[in-house]
1. Filter the stretch 297-343 down to the residues that are in contact (Cβ under 8 Å) with a residue 60 or more places away in the chain and outside any strand (DSSP E or B), then identify the one that is surrounded by the fewest Cβ atoms within 10 Å (Cβ to Cβ).
2. Give the number of residues within the stretch 19-32 that are surrounded by fewer than 19 Cβ atoms within 10 Å (Cβ to Cβ) and within 17 Å of residue 171 (Cβ to Cβ).
3. Have a look at 140, 136 and point out the one that is part of a helix (DSSP H, G or I), more than 21 Å from the chain's Cα centre (by Cα) and not basic (Lys, Arg).
4. Given 140, 104, 130, 136, which one is assigned by TED's automatic domain parsing to the domain that holds residue 92 and exposed (fewer than 11 other Cβ atoms within 10 Å of the Cβ)?
5. Starting from residues that are modelled with pLDDT of 85 or more and surrounded by fewer than 20 Cβ atoms within 10 Å (Cβ to Cβ), keep the ones in the stretch 219-268 and report whichever is nearest to the chain's Cα centre (by Cα).
6. What tally of residues in the stretch 168-216 results from selecting those that are under 18 Å from the mean Cα position of the chain (by Cα) and part of a helix (DSSP H, G or I)?
7. May I ask you to list the residues in the stretch 33-70 that are in a loop (DSSP other than H, G, I, E, B) and surrounded by fewer than 17 Cβ atoms within 10 Å (Cβ to Cβ)?
8. Every residue in the stretch 269-306 that is of a type in the set (Gly, Ala, Ser), under 15 Å from the mean Cα position of the chain (by Cα) and closer than 20 Å to residue 166 by Cβ, please.
Amino acid sequence: MRKFAFIAISMFFLTCCGEKDRYIRINGFAQGGKYTVKLNTKGISVPAEEIKDSIEALLHTIDTTLSGYNPASQLSRFNAGEAIVPGKLFRDMYRMGYELWERSEGALDFAAGPLYDAWGFGFKNSSFPSDRQIDSLLKSCGMRFLPRELPAGILDPASLGYPRLNYNAIAQGYSCDIIAKYLYGIGARDMLVDIGEIWCDGLNPSGKPWAVGIDRPTDHAPGDESQDIIESIWTSEGKPSGIVTSGNYRKFYIRDGRKYAHTVNPVTGYPVSHNLLSATIVSSKSAAEADALATWCMVTGLEASIKTIEEDTSLEGFLIYQDENGEMASWASSGFAVRGEGR
């Protein structure tokens, strides 16, 4: 799962690539990491400073609504048992989460927060759970205990059995979509929104499609980007695309000599154990869709992931796995646009 918190610090600069194109770049910190927005302001009358302020206002709204790390957010207060009047973002996220739970047949479960917490991959520190604890949690939490639609008006957790919700699997992708929607609304067409996950459309400042490097799955200290090795480079071909990579190779802990992946299967209650190392998903629908499907793949494994990707025409995928000889191998869908490889 991903950390979801917000601190607002940003800057922007202009890049003029020609008489008609005028790109700006806005940087800052959001959701436990950095964010970057690049866009061509050609034909846009909104000043760059106002665009920056609007983006940060949206990120602030997302934080105060959906962050599990902000104790004052609507989500945190709801999870603590407080009755709230949920805003549009809260209701939209709940609706999206329920639909994804149904579609994934339980592989994505946004009401399994206590289960993720028990393994230390939620909002609390880990305490290695016993089989009895896992069994108890499986019988007491999950989307199956909740209604498909939230009731109107005041939402009292007691009326729903005190569920604890966790949207880490789609929060960053959803945030990208919110920012992109605003940018489209002011007339932007060439853009890249990077909040850990990415939404892009059109062309970059060089007049070429956006390109995103896909890391080779290697273990190293979190945040040590100097150790990253680019396995492949995806190109957007100028199309609107959400692209997200999820993997188990950096987020794990070891107990009694065994490695436990950070991806928990909410159906079994245990961390997954399979040969899929990372899943990169491209969605023409949204970054939230790509975010969710990348996590879905890491729950279900290689063969099920290939089937899921090939059955959905809005998706493309690039999967890196360990073959029967223990060697790293990869699979790409037919429409996954790879520009080249790096070493």
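1. Of everything passing the filter in the stretch 297-343, 343 is surrounded by the fewest Cβ atoms within 10 Å (Cβ to Cβ).
2. 2
3. When all the criteria are applied, what remains is 136.
4. None of the other options fit; the residue is 130.
5. Ranking the candidates gives 240 first.
6. Residues meeting the conditions: 11.
7. 42, 43, 45, 46, 47, 69
8. Within the stretch 269-306, 279, 286, 287, 288, 290, 292, 294 qualify.
The values are calculated or read from the model by the stated rules, or taken from the named source; none is laboratory data. Just so you know, these numbers come straight off a predicted model, no measurement behind them. With ideal geometry, Cβ positions are generated from the backbone for all residues, glycine too; neighbour counts draw on all protein chains shown.
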